[in-house]
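Scroll down for the structure; my scribbles are underneath it.
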Amino acid sequence: MPLSLDQLVDYLRGAEIPERSVVVTIDDGFHDFLKFAFPILSSSAIPATLYVTTYYVCHHLPVFDPALSYLMWKGGGKRFSLPWEKQGLLAPARGDHVARSRLHAGLRATWQALGISTEEKHATLLNVGKAFGVDMDEFLAERMFGLLSPEEVENCAVGGIDVQLHTHRHRVPFDDQLFANEISDNRRRLQGIMRTQRPLKHFCYPSGEYHESSPSVLRTLEVETATTCEFGYVTRSSNPLLLPRLLDSMTISEARFSAWLAGLMGVRYRRG
């Protein structure tokens, strides 16, 4: 039985819910949600929550981090350059996921430390794509790594999707005030986008990252639930600000997904 997050809150407070209940949540707000998931959810009348991170919603550009990783995969075995790197770089072979992840992590640490601007990041994507022979006009037109536009976010909300909080810049700073600012920025922008004015009281930790003080920060902001990337089932004893989930990704087999639906996956683990 599909439930909304509001119904889940009622359950945590003591209300009865049907057996085999499930809550559907989707992270980030990528454009392909509108193309693939939204029609299915709407036609099936399945309640769902879409956690939207708003920075790239406002900037109308591809999300730099996954877009660069994709381009490095496309250009596997070829050389490319970045303006903040002194030497040229070699994109690992397409099948070498470990090497590509390691290279990407190192590059991420560098551009974060340097404070590379959004405009510089976008110019870098265009240059890297061209170096690999990628048609960047087509790449941008397909919006493969683009988020929903403000108008599309509003259309999802009007169409019955519960649009909720996911920070503005998809990050959870160690500093509590900066974390609070991320959520406040996110909330303010979503309120400016949507005419439905539903209460923005549900939250998802970006990439499942949180700190010991994170729940207390959320309480001060009147957030009722927060989902993690920790595997498990929600029970009445669950902390509503540290709710477990199953992340249905390409790494989850059909057998594992079916076992989770059947209630057979009792072992919890934190995603590495």
Tell me which residues, restricted to the stretch 102-122, are out of contact with any helix residue (DSSP H, G or I) (no Cβ under 8 Å at 6 or more places or on another chain), polar (S, T, N, Q) and touching a residue at least 24 places away in the same chain (Cβ under 8 Å).
T110
When you scan the stretch 132-142, do you find a residue that is open to solvent by 40 Å² or more (accessible area, probe 1.4 Å), over 30 Å from G75 (Cβ atoms), more than 14 Å from the chain's Cα centre (by Cα) and not acidic (D, E), even just one?
no
Which of the residues belonging to the stretch 151-166 are among the hydrophobic types (A, V, I, L, M, F, W, C) and either surrounded by fewer than 17 Cβ atoms within 10 Å (Cβ to Cβ) or assigned to a loop (DSSP other than H, G, I, E, B) (or both)?
V158, I161
Looking for something open to solvent by 20 Å² or more (accessible area, probe 1.4 Å), among the hydroxyl-bearing types (S, T, Y) and touching a helix residue (DSSP H, G or I) at 6+ places or on another chain (Cβ under 8 Å) - is there at least one such residue anywhere in the stretch 167-190?
no
Of residues in the stretch 231-254 being part of a loop (DSSP other than H, G, I, E, B) and within 14 Å of V22 (Cα to Cα), the one nearest to the chain's Cα centre (by Cα):
L247
Qualifying positions in the stretch 130-145 - touching a Phe, Trp or Tyr at 6+ places or on another chain (Cβ under 9 Å) and either closer than 14 Å to V63 by Cα or of a type in the set (D, E, K, R) (or both)
F139, R143, M144, F145
Taking the stretch 202-243 only, how many residues are open to solvent by 50 Å² or more (accessible area, probe 1.4 Å) and free of Cβ contacts under 8 Å to residues at least 60 places away in the same chain?
12
S81: passes all of (1) open to solvent by 50 Å² or more (accessible area, probe 1.4 Å); (2) small (G, A, S); (3) within 29 Å of P150 (Cβ to Cβ) but (3)
Could you tell me whether the stretch 251-264 includes any residue that is on the phi > 0 side of the Ramachandran plot, modelled with pLDDT of 80 or more and open to solvent by 60 Å² or more (accessible area, probe 1.4 Å)?
no
From the list R171, R102, R195, pick out the single residue that is in a loop (DSSP other than H, G, I, E, B), over 30 Å from P39 (Cβ atoms) and either touching an Asp or Glu at 6+ places or on another chain (Cβ under 7 Å) or not aromatic (F, W, Y) (or both).
R171
Take T228 and decide whether it is of a type in the set (V, I, T) and within 15 Å of the chain's Cα centre (by Cα).
yes
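The values are calculated or read from the model by the stated rules, or taken from the named source; none is laboratory data. Nothing here was measured: the structure is a model prediction, and the numbers come from that model. Using ideal geometry, Cβ is built from the backbone for each residue, glycine included, and neighbour counts are taken over all protein chains shown. To get the accessible areas, we keep the full protein, side chains included, count just its heavy atoms, and leave off ligands, DNA and RNA. Shrake-Rupley method; radii C 1.70, N 1.55, O 1.52, S 1.80 Å.
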